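Chemist: This is the structure I have questions about; it appears just below.
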């Protein structure tokens, strides 16, 4: 069984677009400081790193799947140049309420299960929104909220070092 670090993309790997906008082109993509080191640390700790990302802009016609694939190819190349490996990426291109893969639903996780033997006791979801956390919880893995707007129930970390400290303790639920 494999330890999986499921990461959201926007707000975790790259800075989010302005409200009601989307990252449509590589030129709009900006890494969050420290993400390459964080992913590299996860790699060293034996985690497979899988991105699970809602990309509603595709359904809205703001960008194409080819645009998103191009962004992801360049993102992975840039990260690999810093010894940070993303093992896989799963994308929901649908609009709200159109599918079972859009977080907070768990379809992206189930898709990953088709390829990876997920050890749910040693895997986690790391995201910046309630829908990310809800998806991880529904899937049965620990979920960590990136940021300081914690609801008192979730595990919150406002920097990558705190996330690494938390997961290295092995206290998952």
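The values are calculated or read from the model by the stated rules, or taken from the named source; none is laboratory data. As the structure is a computational prediction, the values presented were derived from the model and not from experiment. Every residue, glycine among them, receives a Cβ derived from its backbone with ideal geometry; neighbour counts consider all protein chains shown.
Chemist: Quick check, is residue 78 in contact with a helix residue (DSSP H, G or I) (Cβ under 9 Å, 6 or more places away or on another chain) and either assigned to a helix (DSSP H, G or I) or modelled with pLDDT under 95 (or both)?
Modeler: Taking the combined requirement at face value, the residue satisfies it.
Chemist: Turning to a different aspect of this structure: Would you mind stating whether residue 86 is within 15 Å of the chain's Cα centre (by Cα), within 30 Å of residue 165 (Cβ to Cβ) and either assigned to a loop (DSSP other than H, G, I, E, B) or without any contact (Cβ under 8 Å) to a residue 40 or more places away in the chain (or both)?
Modeler: Yes.
Chemist: So which residues in segment 24-73 are in a strand (DSSP E or B) and farther than 20 Å from residue 115 by Cα?
Modeler: Passing the criteria: only 31.
Chemist: If you don't mind, another one. Within segment 91-105, how many residues turn out to be under 13 Å from the mean Cα position of the chain (by Cα) and surrounded by 18 or more Cβ atoms within 10 Å (Cβ to Cβ)?
Modeler: 4
Chemist: Taking residue 20 and the conditions (1) at pLDDT 95 or above; (2) not in a helix (DSSP H, G or I), which numbered condition does it fall short on, given that it satisfies the others?
Modeler: (1)
Chemist: For segment 120-131, which residues satisfy the criterion of being at pLDDT 95 or above and either in a helix (DSSP H, G or I) or more than 17 Å from residue 49 (Cα to Cα) (or both)?
Modeler: Matches in segment 120-131: 120 only.
Chemist: Quick one: in segment 108-121, of everything that is touching a residue at least 40 places away in the same chain (Cβ under 8 Å) and touching a strand residue (DSSP E or B) at 6+ places or on another chain (Cβ under 8 Å), which residue is surrounded by the fewest Cβ atoms within 10 Å (Cβ to Cβ)?
Modeler: Restricting to residues being touching a residue at least 40 places away in the same chain (Cβ under 8 Å) and touching a strand residue (DSSP E or B) at 6+ places or on another chain (Cβ under 8 Å), the top hit is 117.
Chemist: Starting from residues that are touching a strand residue (DSSP E or B) at 6+ places or on another chain (Cβ under 7 Å) and in contact (Cβ under 8 Å) with a residue 24 or more places away in the chain, keep the ones in segment 97-107 and report whichever is nearest to residue 165 (Cα to Cα).
Modeler: Result: 103.
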